[in-house]
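Enquirer: Below: one structure in structure tokens.
The values are calculated or read from the model by the stated rules, or taken from the named source; none is laboratory data. Not measured: the values here are computed from a predicted model. Reconstructed Cβ throughout: ideal geometry from the backbone, glycine too, with neighbour counts over all protein chains shown.
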Amino acid sequence: MWQPEPGWQRLPGAGPATTGVWSASSEGREVVVKRLTAPDPHDAPGTLAPSDVNYWRRAADVALSGVVASSPGLREAPVVRVEEDDEGVTLVHERVVRQDAPGPWLAACLGRFAAADLGRHPWLARDQLRTRLALVERRGGWRTLARTPVADVADHLWSRRGAWLDRCDALPQVAQHGDPSAANIPGRHGDGAVAIDWAHLGTGPVGADLGYLSLATREEVGPLVEAYAAALPPGLADRDQVLLGARVMAVYTALTRLDWALARVADGDGALAGKFRHPSVAPYIHAMQRQVDQIEALLA
């Protein structure tokens, strides 16, 4: 049975099939080790479907393919080795020195990356937001938001989700990291960024990656859209298309996260309204409040 080596230091990390993430040393280099465990036939079907956003070994396939080893705007941390066995896969990358970067610079990196040629690999993720909302639908939708002051807003947006997803499907489809939080883009390489956690690499609507990033930046969506759109190759997409893709991703992701956070504390003692300041809920409420302008635009 696979086990981490003595001396490895555990790091935070999650994702499809991720058993754990550790910092370590290898041949004089500081590295990060990620262990992926193969699912069994009883696990969620998506973990075994190569194009599903939750496909278990996508990060390993990305590392083995080298498809983002030198991609524009955003590239993978250098791969040290990939080791496969009957139980799963062990990924070893060089550790990236973290450098804080302003949101517009990260947005421009995502804009340049949108033009990357990822090839036609069967394991590239597709329909990221649609797949995630389908999982929420199977759990009954935004049930906890229905018990809050934003119930009417949530109900309207939930009932219109198919129309907004269809409009995003009609946008230019571009390369996307899939999970571009500021924490997942820690380093720099030349005029571009070095990213980690490529478990959701694939294609999606222009601007969708930007909407995801906007949930974790100090800047509002406007300056991020300008930087992203300016970095796109001429003719790929216009600013309005970028804004639409970013807006839909940001709003539906923020509300889904808030519903999830509220559901975790909803059954405890006391009224639900009294738990809005709970430390595991308050950040998600703040993230939703930052999206008020984008929410109003989708309601119009």
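Enquirer: Looking at the stretch 60-85, which of the residues that are in contact (Cβ under 8 Å) with a residue 40 or more places away in the chain and in a loop (DSSP other than H, G, I, E, B) is surrounded by the fewest Cβ atoms within 10 Å (Cβ to Cβ)?
Expert: Once the filter is applied, the top-ranked residue is 85.
Enquirer: While we're on this one: Name every residue in the stretch 216-237 that is modelled with pLDDT of 95 or more, in contact with a helix residue (DSSP H, G or I) (Cβ under 6 Å, 6 or more places away or on another chain) and not small (Gly, Ala, Ser), in order of residue number.
Expert: Once the filter is applied, which keeps residues that are modelled with pLDDT of 95 or more, in contact with a helix residue (DSSP H, G or I) (Cβ under 6 Å, 6 or more places away or on another chain) and not small (Gly, Ala, Ser), the stretch 216-237 yields 223, 224, 225, 228, 232.
Enquirer: Determine which member of the set 69, 77, 59, 101 is among the aliphatic types (A, V, I, L, M) and closer than 18 Å to residue 37 by Cβ. If you could, list the steps in order and put the result at the bottom.
Expert: On the way: 69 fails: closer than 18 Å to residue 37 by Cβ; 77 fails: closer than 18 Å to residue 37 by Cβ; 101 fails: closer than 18 Å to residue 37 by Cβ.
After applying the criteria, what remains is 59.
Enquirer: Could you check residue 146 against (1) assigned to a helix (DSSP H, G or I); (2) in contact (Cβ under 8 Å) with a residue 24 or more places away in the chain and say which number it fails?
Expert: Only one criterion is unmet by residue 146, namely (2).
Enquirer: Shifting gears a bit: Only one of these is out of contact with any His (no Cβ under 6 Å at 6 or more places or on another chain), modelled with pLDDT under 95 and surrounded by fewer than 18 Cβ atoms within 10 Å (Cβ to Cβ): 45, 39. Name it.
Expert: Numbers: 39 fails: surrounded by fewer than 18 Cβ atoms within 10 Å (Cβ to Cβ).
Exactly one of 45, 39 is out of contact with any His (no Cβ under 6 Å at 6 or more places or on another chain), modelled with pLDDT under 95 and surrounded by fewer than 18 Cβ atoms within 10 Å (Cβ to Cβ), namely 45.
Enquirer: Give me the strands (runs of 3 or more DSSP E) completely within the stretch 151-235, filtered to those with at least 2 residues that are within 16 Å of residue 129 (Cβ to Cβ), ordered by residue number.
Expert: Numbers: elements: 173-176, 187-189, 192-195, 202-205.
So the answer is 173-176, 202-205.
Enquirer: Mind telling me which of the residues 245, 235, 222 ends up being assigned by TED's automatic domain parsing to the domain that holds residue 127 and touching a Pro at 6+ places or on another chain (Cβ under 8 Å)? Even if it seems obvious, please write down each step before you answer.
Expert: On the way: 235 fails: touching a Pro at 6+ places or on another chain (Cβ under 8 Å); 222 fails: touching a Pro at 6+ places or on another chain (Cβ under 8 Å).
Within the list 245, 235, 222, the selection yields 245.
Results for (1) over 20 Å from the mean Cα position of the chain (by Cα); (2) among the polar types (S, T, N, Q); (3) loosely packed, with under 14 Cβ neighbours inside 10 Å, shown as yes or no for each residue.
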{"position": "101", "(1), (2), (3)": "no, no, no"}
{"position": "119", "(1), (2), (3)": "yes, no, yes"}
{"position": "129", "(1), (2), (3)": "no, no, no"}
{"position": "136", "(1), (2), (3)": "no, no, no"}
{"position": "144", "(1), (2), (3)": "yes, yes, no"}
{"position": "150", "(1), (2), (3)": "yes, no, no"}
{"position": "154", "(1), (2), (3)": "yes, no, no"}
{"position": "171", "(1), (2), (3)": "no, no, no"}
{"position": "181", "(1), (2), (3)": "no, yes, no"}
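Enquirer: Does any residue of the stretch 24-32 turn out to be out of contact with any His (no Cβ under 7 Å at 6 or more places or on another chain) and under 30 Å from residue 135 (Cα atoms)?
Expert: Of the stretch 24-32, the ones out of contact with any His (no Cβ under 7 Å at 6 or more places or on another chain) are 24-30.
Still in the running and under 30 Å from residue 135 (Cα atoms): none.
Within the stretch 24-32, none of the residues are out of contact with any His (no Cβ under 7 Å at 6 or more places or on another chain) and under 30 Å from residue 135 (Cα atoms).
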